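Peer 1: My questions all concern the structure below.
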Amino acid sequence: MSQSQKNIIYICKVWSVSTDFKSLNFWSLLLPLFISSTGLSTRIKRFTLLRSPLGNKTAKDQFERREYRSYFTLKSQNPAKILAFIDILKYLNGVKFKVLLHEKNVNIC
């Protein structure tokens, strides 16, 4: 008689955003190779400011801000590995993260 055994797999989904492409690229190099990673689209925000608030309405400066985004998923049976991985995230400057963690029960016969 075989008994079914329950294993729990922890899944960590991370969305990252940065205005500095180098720091986001450096972050992706730190990831282990078994993690699935996806580069998302770049958000570009453009805005125009008047140089002179009084008379000259044709003198304007234009600026743009780019946000580079990526998404990756980490799966592990050991919750300590995921917690250690999340702990590393706070040491990266200029990169914002959103982390979603959930568990999945897997039956092994």
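Peer 1: Could you tell me whether Tyr71 is within 30 Å of Asn25 (Cβ to Cβ) and assigned to a loop (DSSP other than H, G, I, E, B)? Before the answer, list the steps.
Peer 2: Values: within 30 Å of Asn25 (Cβ to Cβ): yes; assigned to a loop (DSSP other than H, G, I, E, B): no.
No.
Each row is one residue, and each column tells you yes or no for (1) more than 12 Å from the chain's Cα centre (by Cα); (2) loosely packed, with under 11 Cβ neighbours inside 10 Å; (3) free of Cβ contacts under 8 Å to residues at least 40 places away in the same chain.
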site	(1), (2), (3)
Trp15	no, no, no
Ala80	yes, yes, yes
Asp87	yes, yes, yes
Lys98	no, yes, no
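Peer 1: Please enumerate the residues belonging to the stretch 77-109 that are out of contact with any strand residue (DSSP E or B) (no Cβ under 7 Å at 6 or more places or on another chain) and within 14 Å of Leu31 (Cβ to Cβ).
Peer 2: Within the stretch 77-109, the subset out of contact with any strand residue (DSSP E or B) (no Cβ under 7 Å at 6 or more places or on another chain) is 78, 80-81, 83-84, 87-88, 90-93, 109.
Across the stretch 77-109, the qualifying residues are Lys81, Ala84, Ile88, Leu92.
Peer 1: Could you please let me know if Leu54 is in a loop (DSSP other than H, G, I, E, B) and either under 12 Å from the mean Cα position of the chain (by Cα) or surrounded by 12 or more Cβ atoms within 10 Å (Cβ to Cβ) (or both)? Explain how you work it out, then say what you get.
Peer 2: Details: in a loop (DSSP other than H, G, I, E, B): yes; either under 12 Å from the mean Cα position of the chain (by Cα) or surrounded by 12 or more Cβ atoms within 10 Å (Cβ to Cβ) (or both): no.
It is false that Leu54 is in a loop (DSSP other than H, G, I, E, B) and either under 12 Å from the mean Cα position of the chain (by Cα) or surrounded by 12 or more Cβ atoms within 10 Å (Cβ to Cβ) (or both).
Peer 1: Now, a different point. Considering each of Lys96, Lys75, Lys90 in turn, give the residue that is out of contact with any Leu (no Cβ under 6 Å at 6 or more places or on another chain), within 12 Å of Cys12 (Cα to Cα) and not aliphatic (A, V, I, L, M). Show your work before the answer.
Peer 2: Numbers: Lys96 fails: within 12 Å of Cys12 (Cα to Cα); Lys90 fails: within 12 Å of Cys12 (Cα to Cα).
It is Lys75.
Peer 1: May I ask you to verify whether Thr73 is exposed (fewer than 14 other Cβ atoms within 10 Å of the Cβ), of a type outside the set (D, E, K, R) and under 26 Å from Glu103 (Cα atoms)? Even if it seems obvious, please write down each step before you answer.
Peer 2: On the way: exposed (fewer than 14 other Cβ atoms within 10 Å of the Cβ): yes; of a type outside the set (D, E, K, R): yes; under 26 Å from Glu103 (Cα atoms): yes.
Considered against the rule, which asks whether it is exposed (fewer than 14 other Cβ atoms within 10 Å of the Cβ), of a type outside the set (D, E, K, R) and under 26 Å from Glu103 (Cα atoms), Thr73 comes out as yes.
Laboratory data are not the source of any read-out in this text; all were calculated from the coordinates shown. Values in this document were obtained by computation on a predicted structure and should not be read as measured data. So basically every Cβ, Gly included, is an ideal-geometry build from the backbone, and we count neighbours across all protein chains shown.
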